[in-house]
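S.K.: Below is the structure I would like to discuss, written out as structure tokens.
The values are calculated or read from the model by the stated rules, or taken from the named source; none is laboratory data. All values derive from a computational prediction rather than experimental measurement. Neighbour counts are summed over all protein chains in view; Cβ atoms, including those assigned to glycine, are modelled from backbone coordinates with ideal geometry. With ligands, DNA and RNA removed, areas are computed over all heavy atoms of the protein, side chains included. Shrake-Rupley method; radii C 1.70, N 1.55, O 1.52, S 1.80 Å.
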Amino acid sequence: ADVLGRKPPWVGGAIVDGVGCIATACAGGLGSMVSARLLMGAGSAVGGSAATAYAMDVLSLYPKHKGRLLGALNAAGALAWILGPALGGFLAERAGIGLPFVLVGGILLATAPAIHWLLPETQPPAPGTSVASLRFRALLDGTQRSFGALARDRNQQALMLMQCALFTGW
């Protein structure tokens, strides 16, 4: 998202996640289920990271309201974690275990073009950058260096500890 822009990985991740959801609904055995779920995880990781970066770009436009806006985003996410499984279970009981996955996959596939066409790019890609031009080893090395610097920062350590405690409590 920092190299290619925010929207390409967000759209690509939504598509991969959506295909993985539908593949999960169609899985006929353990192997196909695991493959589909790995596809979902990859798409969710890429798309979710880009969406979060996009949200932070937008939040930075409203510094006086950043806390309130971030709180609203986190509340919406928490509500999704609460209502999603309940709604999925309700639908699965009435129409089969695959229906929630098909619905989520369809929603993801439908939102991908909306993200692409309706939202402005907040972080344009570097000139001459494309997926084909990326050197993944160099990208991974840079990511590792950046993460290492963050992990040594006391404020970031406190933030990671707090996030871990929050997720463990759920």
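S.K.: Exactly one of these conditions fails for residue 9: (1) farther than 28 Å from residue 121 by Cα; (2) open to solvent by less than 50 Å² (accessible area, probe 1.4 Å); (3) out of contact with any Lys or Arg (no Cβ under 8 Å at 6 or more places or on another chain); (4) not aromatic (Phe, Trp, Tyr). Give me its number.
M.R.: (1)
S.K.: Can I ask one more? What's the number of the only condition in (1) at pLDDT below 80; (2) open to solvent by less than 80 Å² (accessible area, probe 1.4 Å) that residue 131 fails to meet?
M.R.: Every listed condition holds for residue 131 apart from (2).
S.K.: Tell me whether segment 61-79 contains one or more residues that are open to solvent by 70 Å² or more (accessible area, probe 1.4 Å), over 30 Å from residue 124 (Cβ atoms) and part of a helix (DSSP H, G or I).
M.R.: Looking through segment 61-79, at least one residue is open to solvent by 70 Å² or more (accessible area, probe 1.4 Å), over 30 Å from residue 124 (Cβ atoms) and part of a helix (DSSP H, G or I).
S.K.: Going by the conditions given, is residue 46 closer than 16 Å to residue 111 by Cβ, open to solvent by 60 Å² or more (accessible area, probe 1.4 Å), of a type outside the set (D, E, K, R) and touching a residue at least 40 places away in the same chain (Cβ under 8 Å)?
M.R.: no
S.K.: Taking segment 1-33 as the region of interest, how many residues are in a helix (DSSP H, G or I) and small (Gly, Ala, Ser)?
M.R.: So the count comes out to 9.
S.K.: Give the residues of segment 80-111 that are among the aliphatic types (A, V, I, L, M), more than 21 Å from the chain's Cα centre (by Cα) and surrounded by 13 or more Cβ atoms within 10 Å (Cβ to Cβ), sorted by residue number.
M.R.: Answer for segment 80-111, where residues must be among the aliphatic types (A, V, I, L, M), more than 21 Å from the chain's Cα centre (by Cα) and surrounded by 13 or more Cβ atoms within 10 Å (Cβ to Cβ): 91, 92, 97, 99.
S.K.: I need every pair where a residue in segment 63-85 that is within 24 Å of residue 104 (Cα to Cα) has its Cβ under 7 Å from the Cβ of a residue that is of a type in the set (Gly, Ala, Ser), sequence separation at least 6 or different chains.
M.R.: What qualifies is 73/55.
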